[in-house]
Amino acid sequence: EQPRPIESKAVAGQRGFGRRWRSIAVALTLFLVSLLGYQYFLGGNGTPGIASVGVLPFANMTGSADNAYVSDGLTEEVIHVMAQQPELMVAARTSTFALRDKGLSVTEIGKRLGVDSIIEGSVRMERGVQRITLQLIDARSGMHRGSITLDAVEGDLFHAQERIAESIFDLLADAGASIAPLAAPAAHSPSAQVYDLYLRGRAALHTRSAESLQAAKEYLLEAARLDPSFAPAHAALGQLYIVSRIYLRLDADESAQLAGAAVERALAIDAENVDALTAAAALAADRGEYAVSVATFQRAIELHPSNALAHLWFGQLLHLLGYTTAGTEHVAAALRLDPLAGSTNTVMAYSVSLTDNNEGLLQAAQQAEAMQARLAPKFLSLYEFRRGNIDGFAREITRHHAVIGIDTAATPLLADAARQRIGEADLVAQLKPYESKQNIFFAREYAMLGMHRAAMDALLRTPNSGGSFLSDMW
């Protein structure tokens, strides 16, 4: 059964009055409704209310560049806590961090993130005390709406991030945001050393280079070894092993085994760890346990409505299962939360590619390329093929193959097939020397060319081929 979309709730009512006073009553009702709506928009204090917020990377003002992971880690953890608010849209880390040091005004940042408010922060070091300053700014007007300063003893960052989140929620509530009660604090508190290793590991995990992922693995493994009961370290390891399949070329089976063990350990400690739930849902989908995967994604999104990664991966799963509309809705939700992420824009291009909207495909692919998404040429090649520009198709497919490591000598063969100079059997035979698990035996290219038997044969010969290739068959 297709998962039900989350619908907004609206209630409207109207009562009749006696004929003599009807015109007066209607006028008065309209006035009161307008006034109440205006007060709601203003948050009850004469200034615009708050429905969405972006948390910019806290400035590292400790005097040492080596401490950047502290301010970055605190920012990320605060975003993580804020994403639990059901009535507040919180911009994802990838997009907010992408705007660091761009010299943009607050109003321009608000437009790019699609939010109405901005949180700015800084971390200073003064005589062994970390002083954290926070400011709430209206992204529409640039007006300052509140600030607060907190002190934390050096090494007590775990509890500091909880206090920071509480203070931000107080600022937002005072400014008219709808804030739900906070969840109970974590029962287990890691040591300063363990939390420091965790922050270093999370910072390295986001860089996505081979060197940084290796460093992240070492930091997180050490954190988990020193404190086996610290669930976030195990959850982060689970996500690291999943992405290592792509960025470290880790064997798919080994990646799944390592990720599964880490995620299982995290959920045994904390059954509601959203990072672990998101990774568990992805692993279940890889195993073909689709009902489990759907339910797990839905639980992760229920716990953290602003979890862009959960929306993104869930959208991809729904595409795999043939629910194109529902899948695109979740990808669109991820894009609203993380509009500057190359991967999110890439998946949106993929979503549009499942429709016959070729101009929409071009716009989505160009947006992905503007976000420096490495796989954007794949969708540009499909756009060119659909409009019959075989030279353009060959150009873009060559760029795509160069990015993912396929011998570009295969391109002329595909171009000849697109021009119908060679048939399906001849193409399959001539592409044999270029086949590898990395390109899934050209399943996607066969599908694009309408060679359905060759595409399905390629998929059947490839274990763990991945959902996106099967989605092309739809």
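Amide H contacts for Phe58 (H built 1.01 Å from N in the peptide plane; partners 5 or more residues away or on another chain; cut-off under 5 Å): Thr75. Residue-wise HN-Hα couplings along the range 87-98, as the Karplus relation 6.51 cos²θ - 1.76 cosθ + 1.60 with θ = phi - 60° gives them from phi, are 9, 10, 7, 10, 4, 6, 4, 4, 6, 5, 6, 5 Hz; Gly and Pro carry x.
Highest mean first, the peptides 207-213, 452-458, 394-400 sorted by other C-beta atoms within 10 Å per residue fall in the order 394-400, 452-458, 207-213.
For Gln420 and Leu182, the difference between the fully extended length at 0.36 nm per residue and the C-alpha to C-alpha distance is 79.5 nm. Amide H contacts for Gly146 (H built 1.01 Å from N in the peptide plane; partners 5 or more residues away or on another chain; cut-off under 5 Å): Leu136. The charge dipole of the range 247-320, taken about its Cα centre with unit charges on the Cβ atoms of Lys, Arg (+1), Asp and Glu (-1) only, comes to about 140 debye. For the range 271-287, the residues whose backbone nitrogen is under 19 Å from a point 7 Å from the Cα of Asp253, taken along Cα to Cβ, are 283-287. Using θ = phi - 60° in the Karplus curve 6.51 cos²θ - 1.76 cosθ + 1.60, the 3J(HN,Hα) couplings for the range 285-296 round to 5, 4, 7, x, 8, 6, 5, 5, 5, 4, 5, 6 Hz; x is entered for Gly and Pro.
This model, with +1 at the C-beta of Lys and Arg and -1 at the C-beta of Asp and Glu, gives the range 211-364 a dipole about its Cα centre of some 40 debye. Here the calculated FRET efficiency for Ala261 and Glu211, from their Cβ-Cβ distance with R0 = 35 Å, stands at 0.90, rounded to the nearest 0.05. Sequentially through the range 331-339, phi angles give Karplus couplings (6.51, -1.76, 1.60; θ = phi - 60°) of 5, 5, 4, 4, 5, 5, 7, 9, x Hz, Gly and Pro residues having no value and appearing as x.
Where a number appears in this text, it was derived from the coordinates with a stated rule and is not lab data. Since this is a predicted model, take the numbers as computed values, not measurements. Glycine also receives a Cβ, built like all others from the backbone with ideal geometry; neighbour counts cover every protein chain displayed.
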